[in-house]
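Taking it in order: structure first as structure tokens, then the write-up.
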Amino acid sequence: MLVLTAVFAPVIAPHDPNTLNTADKLQGPSRTYWLGTDDVGRDILSRVLYGGRISLVIGIAATSVALLIGTLIGAVSGYFGGFIDNLLMRLVDVFLSFPSLFILIVLATVLRTNSHLRQYSGSIWPIAVVIGILSWMGLARIVRASFLALREKEFVEAARAAGATNARIMFRHILPGSLGPIIVQGTLLIAASIITESGLSYLGFGVQPPTATWGTLLDDAQAHMQQLPVFAIAPGLMIFMTVMSINYVGDGLRDAFDPHGYR
């Protein structure tokens with residue numbers, strides 16, 4: 001339902017999310033503005049709906065990047081083992097030592113201050129890519145463990161005996177058996193990416209105005225929380241509901257793929 005609401009925001013939203021109307025600024029909920037208006041007269045409900053689109057796109061795009069990197073590194077590490085495994089796992093440890101939010105803030109600052117890169121400042125795609133680059137490590141370990149368990153199975157030995165290449169064995173024979181954990185981790189990464197983007201935008205280093213995300217809406221609401229609490233409650237509630245829903249989906253998928261597993 002939340003995804004459909006975001007997808008069909010242009011149809012559902014009662015107003016243009018970026019239309020200014022200073023005569024109606026900081027209005028409370030009414031028939032015209034169901035959740036009220038912000039400090040420049042924009043409809044809060046419309047901005048919450050459109051903000052969900054951006055937050056979900058960033059979450060899905062960042063997860064796609066993380067899935068690509070994590071699956072590739074985990075597959076190579078688990079399949080070949082030995083020196084390659086040790087090297088790639090040390091790479092995972094290095095990335096895990098990075099403070100992700102700090103790196104994102106530094107990147108946003110560089111994009112803003114560099115005249116050649118300023119055009120990318122506040123764009124959703126650099127943010128999504130960097131979040132993905134900083135989020136693949138847990139997935140890589142999961143894929144590695146799955147490949148270590150499957151690489152000595154009889155169907156893999158049969159593929160080797162038939163002359164299949166390493167790449168074919170990895171991605172044609174072993175990877176399908178690892179899709180369950182990958183899908184589960186992917187759903188959890190979407191939730192984590194949405195939280196990361198929201199936190200970054202709340203601090204003023206994410207997507208820049210007038211583009212609405214749930215994080216930027218929370219940032220805008222700081223100065224008016226006592227006068228208009230719904231300004232902060234609406235995007236905060238959407239973040240909470242979306243992340244909880246995605247995590248419940250992830251838990252359900254985990255139980256479906258591994259009904260006898262232990263958490």
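The values are calculated or read from the model by the stated rules, or taken from the named source; none is laboratory data. In this text the structure is predicted, and so the values were computed from the model without any measurement. So basically every Cβ, Gly included, is an ideal-geometry build from the backbone, and we count neighbours across all protein chains shown.
For residues that are touching a helix residue (DSSP H, G or I) at 6+ places or on another chain (Cβ under 8 Å), closer than 17 Å to S146 by Cα and free of Cβ contacts under 8 Å to residues at least 24 places away in the same chain, tally how many sit in the stretch 81-95.
1
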| Considering Y50, Y79, which residue is under 24 Å from S193 (Cβ atoms), part of a helix (DSSP H, G or I), of a type outside the set (A, V, I, L, M, F, W, C) and at pLDDT 90 or above? | Y50
| remark: The helices (runs of 4 or more DSSP H) lying wholly within the stretch 147-240 that contain at least 3 residues that are small (G, A, S) are 154-161, 179-202
| query | Which of the residues that make up the stretch 218-233 are touching a residue at least 24 places away in the same chain (Cβ under 8 Å), within 19 Å of G52 (Cα to Cα) and out of contact with any helix residue (DSSP H, G or I) (no Cβ under 6 Å at 6 or more places or on another chain)? | reply | D220, V230
| request: Filter the stretch 99-113 down to residues that are surrounded by 12 or more Cβ atoms within 10 Å (Cβ to Cβ) and either at pLDDT below 75 or outside any helix (DSSP H, G or I) (or both), then give me how many there are. | output: 2
| query | Taking the stretch 22-64 as the search range and keeping residues that are more than 27 Å from the chain's Cα centre (by Cα) and aliphatic (A, V, I, L, M), which one is surrounded by the fewest Cβ atoms within 10 Å (Cβ to Cβ)? | reply | A23
| task | May I ask you to verify whether G163 is small (G, A, S) and on the phi < 0 side of the Ramachandran plot? | result | no
| field | Selection status of G177, crowded, with 22+ Cβ neighbours inside 10 Å, on the phi < 0 side of the Ramachandran plot, out of contact with any Cys (no Cβ under 9 Å at 6 or more places or on another chain) and at pLDDT below 90 | value | no
